[in-house]
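Worksheet for the structure shown next.
The values are calculated or read from the model by the stated rules, or taken from the named source; none is laboratory data. Keep in mind that this is a model prediction, so the values were computed, not measured. As a convention, Cβ positions derive from the backbone with ideal geometry for all residues, glycine included, and neighbour counts pool all protein chains shown.
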Amino acid sequence: MAHLRDSNAVVVHCDTDYIRAIHGITDLFNKPSITLRACYAVPSISEKPTEPNGDLQMEGETATPAPAPEATSKSGWIIGDDLTNAEKEVGFSNKYEIRWPFRPSTSVDDWEGLEYVLLHLYTLLGITISSNATSLLLIPPPTATLSLSKQATYTQIAFEVLNTPVFSLIPSPLASLYALGATSGMIIHVGAEETSVFVVTDSIVRWECSTTVKIGELHCRKFLEDLLLEDELLDKELNSIKEGLTKEEKLTYIKEISDFVWTECTGDDLEVPFLKSGNKSIVSSNLTGIGGGGTGVVGAEKEDDSFDVAKKLVGDNAPPAANPSHKSKKQQAAIAAAAAKSAQAAADAAAAAAALPQPIDTITITIPSLPGKEIQLGPVRHRLCEPLLLGKEPGGDTVWEAVGRSIDNASLSLGEKLSLWDGIGVVGELSRIRSFSPALITYLSPYLLSSEDLTSDCQPSKIRLLSSAPDYFANFQNQTNEIITFLGGSLISKVAFLDQQGQSGNKLSINKIDYNQKGPEAIYNVSQEQ
C-alpha cells in the first residue's frame, strides 16, 4: 500500500450546517483541513413599484409588471470569509438572504447553491477544476432517505461540475457507525432544524425505519435565549454592570451570552440533567466523566431516595444499636443518654448546615460587547437541551420517542431490534456537548426491563452508548462526535479507491469510463457495504 501514502483523494463530509474536507489520504487519520459553513448569501430582491413608461393607461386596465431580473447570475453571491465579514456590517439582513442548500427542504432542492458551495470548497483545497485529478469520496447530508435520484444527481455533479476522475458515495449514518466501531446500531443526528434517527443492520441502512422530529439546535438556542431573558440572576448581573439597559441592548447581550455557552461551555460547565424516575437509569463509569470516552451501558437500578443526614454526619462514630447486655440498668441508661445526646448534636449540626446559604452553581464568562467585564451565569445554562428531551411545548414530540418509533418498525425482526440497543451513537454539531448523549440515553430507559434480574427474549436490559472513536483513531481519543462522520469517510476512503475493477465482489467507486457508459445511474452499481 505504498501508493496509498501518496494518494491525493478528497474526502468531503457535507453536514447540514458545515462541510468538512481533507485533500490526501495518509496512514494516520487527520482532522479536516477545511471546515466551511455550508451556506451562501444572495442579494435581497427589493420590490419596487412599477414606473409608467409614458404610455397612457385606460381606466380599468391593469398595468403590465416589469420583467423580473435574472436570478441565475452569481455575481452578487458571497460565501466563506466574505460572508462572515459581511454579516458584521450594519443592515446585512436587509441587503442579503442567507441560504442553506444542505439543510432538508420541503420545497425544491437548491442544487445550484450546492454546486456553488462545493466549487468554493475545491478552491479552498487548491484544486483546479479543469485539471482535476483527485478522486472524491462524498458523504451527502443526512436525510430521511437517500433516493436513487439524489445519488444520481450527486454523481452528475461530481463528474460534470467538479470534474473528478473517480467517485464514491456513502450514506452519512453508515459512515458514522463505522467510525464508532460498529456495523449495526442506531445513529441519532441532531441537525439545525430537525433530528433524524437512522437504523443500520449489518452495514445496511434501513431507510424505511428512519424517523424525523422537527426539533434541532436552532430551537434549543432560541429556548436558551428565552430562559436567559427571564433569569433573575443574570438580570441583576447585567444591571450591575451597566445601568439603564435598553431592551435592544439586553437582547444583544443575551444573544452573545447564548453564543458563548454554545461555543465555549461544552464540557464540564454544562450538565444536561438525567431523567429522574423511581427506577433511576444510571450510566456506568466507563463513560469517563460523562461522554469523555469509551462506551457506556445504561440499565435500570433501584435506589433508595431516603438520605439520613444525621447518620452521614456522624459516620462510623455513631453508637451501635442497643443489644442485650449484662451491664446494670444504670450503666445502660447512661449509654442510652449519651447516644441520644450524640444523635441530637448530629441533628443540630445537620440543621445548621442546611440553614447556611448554599453556593450557587455559576460560571464566569465574557462577551464582545462588554470586554473586560466578567458575567456570572447560573444553573439556567444546564437546561439548553430541554426541547430535544421534553419537546418544544408540553406534550410535544421528543427525540427519544423518535428512537422508539424507529426501532418499533414492522420491517425489523425481533433479533434485529434487540441488537440495535447494543450500539447507539449521537452525531451532529450538538454532540460536542459532552453531557447530552448520556442524558438522552437515560430517557430511553422506559424501553428497558425494570430489573436486570428479569429475563426476556423481547425486551432489552441495557443500552450501549457509542460515545467516542475506537482505538485505531489514535489522534481522536476522548473527542466529541461532531467530526465522527468525517472520520468514517476517511476510514472508507482507504479502501474505496483501491478496487477499481471490483475484484473483491463489491465495487466501491466508479470512474469516468463507467460514467460515460451508463451516465449518473452508474452509481447504482456501487455497494455501500464496505
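Of the residues T145, T212, T195, T134, only one is over 14 Å from V403 (Cα atoms), within 22 Å of the chain's Cα centre (by Cα) and hydroxyl-bearing (S, T, Y); which?
Numbers: T212 fails: over 14 Å from V403 (Cα atoms); T195 fails: over 14 Å from V403 (Cα atoms); T134 fails: within 22 Å of the chain's Cα centre (by Cα).
Just a single option satisfies the conditions, and that option is T145.
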Revision key, fill the gap. The lone condition D110 fails out of (1) touching a Pro at 6+ places or on another chain (Cβ under 6 Å); (2) under 22 Å from V526 (Cβ atoms); (3) surrounded by fewer than 19 Cβ atoms within 10 Å (Cβ to Cβ) is (2)
Check your understanding: Quick check: is even one residue across segment 99-122 hydroxyl-bearing (S, T, Y) and under 21 Å from S493 (Cβ atoms)?
Key -> yes
Exercise for review: Out of the residues in segment 411-446 that are among the β-branched types (V, I, T) and over 27 Å from A38 (Cα atoms), state the one that is surrounded by the most Cβ atoms within 10 Å (Cβ to Cβ).
Suggested key: I441
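Give the number of residues within segment 498-518 that are within 33 Å of the chain's Cα centre (by Cα), of a type outside the set (G, A, S) and modelled with pLDDT of 85 or more.
From segment 498-518, those within 33 Å of the chain's Cα centre (by Cα) are 498, 506-510; that's our starting set.
If we keep only those that are of a type outside the set (G, A, S) too, we end up with 498, 506-508, 510.
Filter again for modelled with pLDDT of 85 or more, leaving 508, 510.
Selection size over segment 498-518: 2.
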Point to revise | Qualifying position, being under 22 Å from Y515 (Cα atoms), acidic (D, E) and free of Cβ contacts under 8 Å to residues at least 24 places away in the same chain, among E89, E112, E160 | key: E160
**Study point:** Matching option when the condition is at pLDDT 85 or above, surrounded by 14 or more Cβ atoms within 10 Å (Cβ to Cβ) and touching a Ser or Thr at 6+ places or on another chain (Cβ under 9 Å), among V42, V11
**Key:** V11
Study note, to complete from the structure: Residue hits (segment 364-384; under 30 Å from L275 (Cβ atoms), surrounded by 17 or more Cβ atoms within 10 Å (Cβ to Cβ) and in contact with a strand residue (DSSP E or B) (Cβ under 9 Å, 6 or more places away or on another chain)) are I365, L377, R381
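Does L448 count as under 28 Å from N409 (Cβ atoms), touching a Cys at 6+ places or on another chain (Cβ under 9 Å) and modelled with pLDDT of 85 or more?
On the way: under 28 Å from N409 (Cβ atoms): yes; touching a Cys at 6+ places or on another chain (Cβ under 9 Å): no; modelled with pLDDT of 85 or more: yes.
The answer is no for L448.
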Review point. All but one of (1) of a type outside the set (D, E); (2) within 28 Å of L420 (Cα to Cα); (3) in a helix (DSSP H, G or I) hold for K255; which doesn't?
Key: (2)
